[in-house]
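Asker: Before I ask anything, here is the structure I am working with.
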Amino acid sequence: MPMRSDIPMTAVLSPRLKAAADLVPACECVFDIGTDHAWLPIWLVQNGRCRRAVAADLRTGPLERAARHIHDADLDEQIEVAQTDGLQGLDCGSSDVIVLAGLGGNEIMRILENRNPACRSLILQPMKSLPELRGWLYGQGYRIERESLPYDRGRYYPVMSCVYTGQKEDLALLEAWAGPVLLAERPPSLQPYLRLLQLRLLRHGRHNPDFLTVARQIGRLLEDQI
């Protein structure tokens, strides 16, 4: 049996999680909700982005894996493991950062509804229901400050950094679907992402006229070679 190395493990992030990590500002504590393997909080602490972190998950199996990885990284004193539903029972300060990555948009809304405003900074990487989530955030007084589009395993993943302003706004349909920051900044990945989004909207347009409206708006953007 090979001997275990005394060198602490170093976290290596997927493009999706690295994009989320890049949006985390320097802070005292990061709460990683739905942490799974705890790679993100390990990376953030190892790279000095935060002094401590909480790796939270509802399921026992992922938390056991997370605890092993935290121990292998020699970070038991800096990263706490918590079994909880969303933010329940967690003491998040106003200057802390909450990360919700790899969850559905509806699940993110459910978690944040119970703690609104949750803290000054949210890092969100929803897997689905993006237009609903973006619209809900602006309707609740949050604003998306930054958004990126990493490409990971054959798919684009919108990742956003949000702050609470208290000013409630309505998003236009196109902004809700494509992202107001992405539309304003127009990163190189936006064009191929919008092409895929347009195809998806056209496929389902017969069930919802709004889908066809947004698909036409995206088509005009693509014609202008954004």
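The values are calculated or read from the model by the stated rules, or taken from the named source; none is laboratory data. Quick caveat: nothing in here was measured; it's all calculated off a predicted structure. Every residue, glycine as well, gets a Cβ built from its backbone with ideal geometry; the counts of neighbours run over all protein chains shown. Each accessible area value is taken on the protein alone, full model and side chains, heavy atoms only, with ligands, DNA and RNA left out. Shrake-Rupley method; radii C 1.70, N 1.55, O 1.52, S 1.80 Å.
Asker: Out of curiosity, is GLU145 within 24 Å of ALA184 (Cα to Cα), of a type outside the set (Lys, Arg), assigned to a strand (DSSP E or B) and open to solvent by 10 Å² or more (accessible area, probe 1.4 Å)?
Answerer: Values: within 24 Å of ALA184 (Cα to Cα): yes; of a type outside the set (Lys, Arg): yes; assigned to a strand (DSSP E or B): yes; open to solvent by 10 Å² or more (accessible area, probe 1.4 Å): yes.
Yes.
Asker: Looking only at the stretch 149-168, count how many residues are in contact with a Lys or Arg (Cβ under 8 Å, 6 or more places away or on another chain), under 19 Å from GLU132 (Cβ atoms) and assigned to a loop (DSSP other than H, G, I, E, B).
Answerer: Residues in the stretch 149-168 being in contact with a Lys or Arg (Cβ under 8 Å, 6 or more places away or on another chain), under 19 Å from GLU132 (Cβ atoms) and assigned to a loop (DSSP other than H, G, I, E, B): 1 in total.
Asker: Which residue out of PRO131, PRO117 is farther than 23 Å from ASP85 by Cβ and in contact (Cβ under 8 Å) with a residue 40 or more places away in the chain?
Answerer: On the way: PRO117 fails: farther than 23 Å from ASP85 by Cβ.
Selected residue: PRO131, the only one of PRO131, PRO117 that is farther than 23 Å from ASP85 by Cβ and in contact (Cβ under 8 Å) with a residue 40 or more places away in the chain.
Asker: Identify, from the list LEU124, LEU149, LEU182, the residue that is within 28 Å of ALA26 (Cα to Cα), in contact (Cβ under 8 Å) with a residue 40 or more places away in the chain and of a type outside the set (Gly, Ala, Ser).
Answerer: The match here is LEU149.
Asker: So for the stretch 191-204 (the condition being assigned to a helix (DSSP H, G or I), buried (at least 18 other Cβ atoms within 10 Å of the Cβ) and in contact with a strand residue (DSSP E or B) (Cβ under 7 Å, 6 or more places away or on another chain)), does at least one residue qualify?
Answerer: There is at least one residue in the stretch 191-204 that is assigned to a helix (DSSP H, G or I), buried (at least 18 other Cβ atoms within 10 Å of the Cβ) and in contact with a strand residue (DSSP E or B) (Cβ under 7 Å, 6 or more places away or on another chain).
Asker: Can you name every residue in the stretch 108-130 that is closer than 16 Å to VAL159 by Cβ and over 12 Å from the mean Cα position of the chain (by Cα)?
Answerer: Correct list: SER129 only.
Asker: Which condition does LEU112 not pass, out of (1) open to solvent by less than 60 Å² (accessible area, probe 1.4 Å); (2) under 20 Å from VAL181 (Cα atoms); (3) free of Cβ contacts under 8 Å to residues at least 40 places away in the same chain; (4) not small (Gly, Ala, Ser), if it passes all the others?
Answerer: (2)
Asker: Further, regarding this structure: If I go through the stretch 82-109 residue by residue, how many of them are in contact (Cβ under 8 Å) with a residue 40 or more places away in the chain and open to solvent by less than 60 Å² (accessible area, probe 1.4 Å)? Walk me through it before giving the result.
Answerer: Filtering the stretch 82-109 down to residues in contact (Cβ under 8 Å) with a residue 40 or more places away in the chain leaves 86-87, 90, 92-93, 95-103.
Still in the running and open to solvent by less than 60 Å² (accessible area, probe 1.4 Å): 86-87, 90, 92-93, 96-103.
Counting residues in the stretch 82-109 that are in contact (Cβ under 8 Å) with a residue 40 or more places away in the chain and open to solvent by less than 60 Å² (accessible area, probe 1.4 Å) gives 13.
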